[in-house]
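Structure record follows, encoded as structure tokens.
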Amino acid sequence: MSTTAFLGVQEGFRNSLGGRNTSAKPRSTEPSIDTISRRTGAHDSQSAHGGAVAPSSSGYPSMSSSSHAKVHNLKNNPSPSSQVSLRADYKSTSMENESSSRPALEDVPSSQRLDPQPQLRVEEFIKLFNAAYNEFYRNGILSERHRKLIEAQDVDSDLFDRLTLKKQNQRYISLFEGRVIFHEIPNAPHGEVVDTVHDIIWRQIDQLIFQGCSDNDLPLNNRTNKRPDTSFRIRKSQIPNPQPQWLKLLPNNPFGLPFPSIVVEVAVNNESPTILQDFAQKYFSGQTSIRLWIGVKIWLKGKKFWVGWGERRPGGTGCRIHTSMAWPPNHWPLATPVNTVYHIPMNVVYGPGIPIPENSPPTLDVSIEEIRQTIAGIIL
């Protein structure tokens, strides 16, 4: 989003608030959205640094470390005049234009040029975030004005935890490289597909070794947090002693739980293929010990879908995605049966040092047709 566009959003806030009758209310000493807009606009000329985004070695776009080195930590330095946020231009790369309300951030290719944006003080941004959250809670989606202001702020994991703590809908809010994303609250067939993929995995892995999980927040690095739709981790009682070097514990977890080994993500209309793949890369950061990612993308309008799986790259970070299905415009129609099964080696699932039971099948088999039938049974 360019600085001009950002200030245009701020002007819209001023206009919308200008006609509001406030004569019956006592004057507040807290900054309003109008005040916040003026303050950010006043510092626009001070945001003079830019950065570039380089593609990762995996072939999927990722934010370059040199770009993020310029971003100040909000918690330690809240002054708006001294902070610079790097943001991508909001040029859509949507595979299929299904909904004008879908967050544009999810369609921004990481290869686009980044523009600096003015930053709010932490206290002001918290007020803005709470106003946006209340709107999200009521409507299930964020307005374009709130979305642009929220996405323009650079946020670290500590502040993100502060913002979302005890929020009822916190599972639908993520942090991607310092940018807060409000995901549209899902409806069918999202939950049904999550349940189907969960059952496919659960009936093939050893339930004495693995524990199913849902609604658990995962800090993927200090600028990215995500809650997978469902996940599976090794039970504490099954962690060998000594602990395998690859297996990492969740930071600051009071119970000493490990990162999940398997994560599942299901995206319906509101999330584009770009954000699905970008988060797949982040799940395999150097901070985590995730071993397997399974992703499903559904296009309700076009009645099509995609399924793939990913494993950690040999270099230790990033996701190598495997799929026999194409992205748009050649994605698979839901009305057409598909005779495809992904055979994922069990040594990918369990990991070195975790004994695979003798009665375990050699591969974790994911039937694409079973997933298709779940989706088709609802929307066709």
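Scanning region 253-287 for residues that are of a type in the set (Ser, Thr, Tyr) and surrounded by fewer than 22 Cβ atoms within 10 Å (Cβ to Cβ) yields Thr274, Ser285. The requirement of being surrounded by fewer than 23 Cβ atoms within 10 Å (Cβ to Cβ), under 17 Å from the mean Cα position of the chain (by Cα) and at pLDDT 95 or above is not satisfied by Leu175.
Residue count for region 351-380, restricted to those that are of a type in the set (Gly, Ala, Ser) and outside any helix (DSSP H, G or I): 4. Taking residues in region 236-247 that are among the basic types (Lys, Arg), and partners anywhere that are surrounded by 10 or more Cβ atoms within 10 Å (Cβ to Cβ), the pairs with Cβ atoms closer than 9 Å and at least 6 places apart or on different chains are Lys236/Gln211; Lys236/Leu257; Lys236/Pro258.
Could you tell me whether any residue of region 186-197 is more than 30 Å from Arg138 (Cβ to Cβ) and either out of contact with any Pro (no Cβ under 6 Å at 6 or more places or on another chain) or surrounded by fewer than 23 Cβ atoms within 10 Å (Cβ to Cβ) (or both)? Yes: one or more hits. For region 215-238, the set of residues classified as out of contact with any Gly (no Cβ under 9 Å at 6 or more places or on another chain) and either closer than 26 Å to Ile200 by Cβ or in a loop (DSSP other than H, G, I, E, B) (or both) consists of Asp215, Asn216, Asp217, Leu218, Leu220, Asn222, Lys226, Arg227, Pro228, Arg235, Ser237, Gln238, listed by residue number. Figure legend. Inter-residue proximity from region 330-349: first residues in the same structural domain as Phe305 (by TED's automatic domain parsing), second residues among the charged types (D, E, K, R) and assigned to a loop (DSSP other than H, G, I, E, B), beta-carbon distance below 7 Å, spacing 6+ or different chains. Indicated pairs: Pro333/Lys303; Leu334/Lys303; Ala335/Lys303; Val348/Arg291; Val349/Arg291. Evaluate the following for Ile375: is it over 20 Å from Ile290 (Cβ atoms) and in contact with a Ser or Thr (Cβ under 6 Å, 6 or more places away or on another chain)? Here the answer is no, as Ile375 does not meet what is asked.
Testing Val307 on (1) more than 20 Å from His183 (Cβ to Cβ); (2) in contact (Cβ under 8 Å) with a residue 60 or more places away in the chain; (3) among the aliphatic types (A, V, I, L, M), one condition comes back false. Which one is that? Of (1) more than 20 Å from His183 (Cβ to Cβ); (2) in contact (Cβ under 8 Å) with a residue 60 or more places away in the chain; (3) among the aliphatic types (A, V, I, L, M), only one is false for Val307: (1).
The values are calculated or read from the model by the stated rules, or taken from the named source; none is laboratory data. Small disclaimer: the values here were computed from a predicted structure and weren't measured. For neighbour counting, all protein chains shown are included, and Cβ atoms are generated from backbone atoms with ideal geometry for every residue, glycine included.
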